[in-house]
Amino acid sequence: MKRTALNPTLRTEAVVALGAFSALTAGTAWLGARQSHADTRWYRRLRKPPFQPPPRLFAPVWTALYVLMAVSGWRVWTAPAGAARSRALGWWGVQLGLNAAWSWLFFGRQRPREALVDNVALLGSIGAYVAATREVDRPAAWLVAPYLAWVGFANVLNGEVVRRNPRAAH
């Protein structure tokens, strides 16, 4: 679908929408950060794979990914209304909710197996978002490609934690 310049009356709405997408994404990041404590005794005792990135890498990576997610969702919102846009925005909301749930399951509840199930669903919802978004705004779909790749990698990490820690996996 070809995008056109925003109608001048929609510019204010678009700025407000960008703020809303940013706030929703920042809220998800904040909820995740409140749960994600790599310095807890439980987490330190987990056997992790040798390819686990250092903890200091996660905050900058997730910050960049959250910015891309917000901009992608906003671009979809600014596209012409219709069923395809509604479908894409629905998937955007689903992936955001599953994203928020992962930290709570893994760190908050200390349930790596349940977090892995959530992470697999998250990966699927991001894939569905990308597919739906391609019909609405291809650049918006490409914006979340790094997020899709990172969550794929996170699935491997989470799976390895479950495999290496059968008692902690619940």
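Has the stretch 117-133 got any residue that is open to solvent by less than 60 Å² (accessible area, probe 1.4 Å), touching a residue at least 60 places away in the same chain (Cβ under 8 Å), of a type in the set (V, I, T) and touching a helix residue (DSSP H, G or I) at 6+ places or on another chain (Cβ under 7 Å)? Within the stretch 117-133, one or more residues are open to solvent by less than 60 Å² (accessible area, probe 1.4 Å), touching a residue at least 60 places away in the same chain (Cβ under 8 Å), of a type in the set (V, I, T) and touching a helix residue (DSSP H, G or I) at 6+ places or on another chain (Cβ under 7 Å). When each of V76, V61 is tested for being surrounded by fewer than 21 Cβ atoms within 10 Å (Cβ to Cβ), aliphatic (A, V, I, L, M) and either out of contact with any strand residue (DSSP E or B) (no Cβ under 8 Å at 6 or more places or on another chain) or modelled with pLDDT of 95 or more (or both), the lone residue that passes is V61. Of the residues that sit in the stretch 150-170 and are among the polar types (S, T, N, Q) and part of a helix (DSSP H, G or I), which one is surrounded by the fewest Cβ atoms within 10 Å (Cβ to Cβ)? Going through the qualifying residues, I end up with N155. Looking only at the stretch 134-149, which residues are open to solvent by 40 Å² or more (accessible area, probe 1.4 Å) and either touching a residue at least 12 places away in the same chain (Cβ under 8 Å) or among the aromatic types (F, W, Y) (or both)? Scanning the stretch 134-149 gives E135, P139, W142, L143, P146, L148. Kindly state which helices (runs of 4 or more DSSP H) lie completely within the stretch 50-134 and contain at least 2 residues that are among the polar types (S, T, N, Q) and closer than 17 Å to G27 by Cβ. In the stretch 50-134, 55-78, 83-103 are the helices (runs of 4 or more DSSP H) which contain 2 or more residues that are among the polar types (S, T, N, Q) and closer than 17 Å to G27 by Cβ. Taking the condition more than 13 Å from the chain's Cα centre (by Cα) and either closer than 27 Å to E13 by Cα or open to solvent by 30 Å² or more (accessible area, probe 1.4 Å) (or both), does A88 pass? When the stated conditions are applied, A88 passes them.
Look at (1) under 20 Å from Q35 (Cα atoms); (2) open to solvent by 40 Å² or more (accessible area, probe 1.4 Å); (3) not charged (D, E, K, R) and you find that L96 fails only one, number (2).
The values are calculated or read from the model by the stated rules, or taken from the named source; none is laboratory data. Owing to the predicted nature of the structure, the values given are computational and were not obtained by experimental measurement. Cβ sites come from the backbone with ideal geometry, for glycine too, and all protein chains shown count toward neighbours. Side chains are part of the model used for accessible areas, which takes the heavy atoms of the whole protein and leaves out ligands, DNA and RNA. Shrake-Rupley method; radii C 1.70, N 1.55, O 1.52, S 1.80 Å.
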